[in-house]
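The values are calculated or read from the model by the stated rules, or taken from the named source; none is laboratory data. All values derive from a computational prediction rather than experimental measurement. As a convention, Cβ positions derive from the backbone with ideal geometry for all residues, glycine included, and neighbour counts pool all protein chains shown. These area figures cover heavy atoms from the full protein model, side chains too; ligands, DNA and RNA do not enter into them. Shrake-Rupley method; radii C 1.70, N 1.55, O 1.52, S 1.80 Å.
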Amino acid sequence: MERKSNHFSGQLGFVLAAAGSAVGVGNLWRFPYLAAKDGGGLFLIIYFILVLTFGFTLLTSDIAIGRRTQKSAIGAYAEMKPKWKFLGILTFLVPVLIMTYYAVIGGWITKYAVVYLTGQAKAAAADDYFTSFITSSTSPVIFALIFMGVTAFIVYNGVQDGIEKVSKWMMPVLLVLVVIISIYSLTLKHTDSSDQVHTGIQGFLYYLTPNLEGLTVQRFLQILLDAMSQLFFSLSVSMGIMITYGSYVKPDVDLNKAVNQIEIFDTGVAFLAGTMIIPAVFVFSGTEGMGAGPSLMFVSLPKVFAAMGKAGIFVGILFFVTAIFATLSSCISVLESIVANCMEIFHTGRKKTVSVLSAVYLAASAIIALGYSIFYVEVELPNGSTGQLLDIMDYISNSVMMPFIALLSTILIGWVMTPDYVIDEMERNGSRFRRKKLYRIMIRYVAPVMMFILFLQSTGVLS
C-alpha cells in the first residue's frame, strides 16, 4: 500500500482539523433556526439521538476507510472495490461543486465582520442592507476573492504547516467566543412596547422545552428528516472530506476516541450556537422572531444586535468573527479534499495543484458572487424552491448527491465489503470499538433505509 507523506502530527491535530471541518456555518446558522422551527427541545432530542447512531455510523465509515486505504475518495473506493470507483468519483464531485460557492458565503460573513469593526452596525440592521450588498456587482466579489485567497494560502502550506497549525489555534478560539456570546445571551433582558419583559433565560427555556403542540406523524417525520439532514451536512460526511482527513491519520491514533471527540465538539458547538442566537432573538423579537429561517444570520441578527445598544456592536463583532472561523475551517477542508484527489489523479505536487485549483475557484467564486446581479437567474428546483446560481449548486451537491452517495456507501460497506472492513480498522492496535454492534445494525439495516427516505424527501419526491 502506498503511504502518504503528509500526516497530522497526532490525535489532537486530527481531531481539531476534523472538528473544524464539521463545525461550519451550518452549525451557527442552520441549526438554530431548525431548532426554533421544529419544536425546540423535541428537535434537540431527536438530533442528539441521531448523532449517537446515524452520524456516528457515517463518520466512522469515512475516517476508517481513509486511514485503511491511505487514499482520498476516488482512490479509496477504487481500492475497496474497483467496480465501485464511480462512487469515489461522485463523492469527489460534491466538494468540487461546494467549493464554487462556499467562499462566497465566507465573503458575506467577512463583509459583516468588517461592517461591525468599522462602526457601521446601524446600517447593517436596515431591512434592505443584505439584499443591496449581494446584488452589488463589486463588493461581494471582492470579499469572496479575499476569503478564497486565504483558504488557498492555508491549504498551499500543507497538512501540518497549514491546516493543522491553523486549526490548533482557530478551533479553541472559536469555542471560547461561542461560550462568551452564549453566556451573554442568557443575561439579556428587554421590555417590549406592551410592557412585557423578555429575558434570555426565558428564551433558553423556549429553546430547550419540547413543543409537542400540533404534533402529527407527518410533522414528526419532517422534524426527523430536518435533524437528519442537518447532522448529515454538519459532520462533513459523504463528500470525501473525512476520507481524505482519515488518510492523514497515523496508525497509532485511536480512531474510536477521535470519532467521539469530533462528535462532542461538533454537537457542542451546534448546541451553543442555539444558545447564542435563540435567547437573543427571543428577547428582542419574541416568538415571532424565531420564524426568520435562512435569513436569520444576515437580516434578523443585525436587528437584534442593534436593539442591544452599544453592547450589540461588540457582540456583533464577536459573532461574525466566530462565523468567519467556522466557515474558514470548513472551506479549508473542502478545498483540501479536492486538492488531495487531484494530487493522486494527476500525480502532481501540492503547490502546483493548489495554484491551479486556486485560479479555477477564484473565477468560480466571482461568477457565483455575481449570481444575484449580472448573472441573475431564477430556476425552479424539484423541491419547490426557486434558486439562483448559488442555490442551484447547493441543491445539486447537498440535496441530491450527498444523500445518494451516503445511500450507496452504506450498501457498499454493509453488504458488499461487510462491516468488518471498517470494524477491523477501528480495532487496529488493539483499540476497543465499544459501539461495534450498533455499527453493524446501523450500516446494514437502519442507515440505508434512512438515507433512501432522505434522498426521496430532499429531491422533492416526498413532499
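Assorted remarks:
- Any chance Val51 is surrounded by fewer than 21 Cβ atoms within 10 Å (Cβ to Cβ) and either in a helix (DSSP H, G or I) or touching a residue at least 12 places away in the same chain (Cβ under 8 Å) (or both): yes
- Those residues of the range 342-375 which are in contact (Cβ under 8 Å) with a residue 60 or more places away in the chain, outside any helix (DSSP H, G or I) and open to solvent by 40 Å² or more (accessible area, probe 1.4 Å), in sequence order: Ile374
- Pick from the range 312-323, criterion open to solvent by less than 40 Å² (accessible area, probe 1.4 Å) and either over 21 Å from the mean Cα position of the chain (by Cα) or not β-branched (Val, Ile, Thr) (or both), ranking: nearest to Val25 (Cα to Cα): Ala323
- For the range 54-90, residues that are closer than 16 Å to Ser236 by Cβ and outside any helix (DSSP H, G or I) total 1.
- Sole exception among (1) outside any loop (DSSP other than H, G, I, E, B); (2) within 25 Å of Leu44 (Cβ to Cβ); (3) in contact (Cβ under 8 Å) with a residue 40 or more places away in the chain for Ile243, by number: (2)
- Val446 falls short of the stated requirement of being open to solvent by 20 Å² or more (accessible area, probe 1.4 Å), in contact with a strand residue (DSSP E or B) (Cβ under 6 Å, 6 or more places away or on another chain), at negative phi and hydrophobic (A, V, I, L, M, F, W, C).
- Residues of the range 281-311 classified as crowded, with 24+ Cβ neighbours inside 10 Å, closer than 25 Å to Met171 by Cα and modelled with pLDDT under 90, total: 2
- Selection of the range 173-197 for residues being touching a residue at least 12 places away in the same chain (Cβ under 8 Å) and part of a helix (DSSP H, G or I) yields Val173, Leu174, Leu175, Leu177, Val178, Val179, Ile180, Ile181, Ser182, Tyr184, Ser185, Leu186.
- Residue in the range 146-163 that is open to solvent by less than 70 Å² (accessible area, probe 1.4 Å) and more than 17 Å from Ser330 (Cα to Cα) present: no
- Just one of the listed residues (Ile423, Ile405, Ile392) is surrounded by fewer than 22 Cβ atoms within 10 Å (Cβ to Cβ) and either at pLDDT below 95 or in contact with a strand residue (DSSP E or B) (Cβ under 9 Å, 6 or more places away or on another chain) (or both), and it is Ile392.
- The range 191-246: number of residues that are aromatic (Phe, Trp, Tyr), modelled with pLDDT of 85 or more and either more than 21 Å from Trp29 (Cα to Cα) or open to solvent by less than 10 Å² (accessible area, probe 1.4 Å) (or both): 3
- Selected residue (criterion: farthest from Asp62 (Cα to Cα)) from residues of the range 96-137 that are open to solvent by less than 30 Å² (accessible area, probe 1.4 Å) and touching an Asp or Glu at 6+ places or on another chain (Cβ under 9 Å): Tyr101
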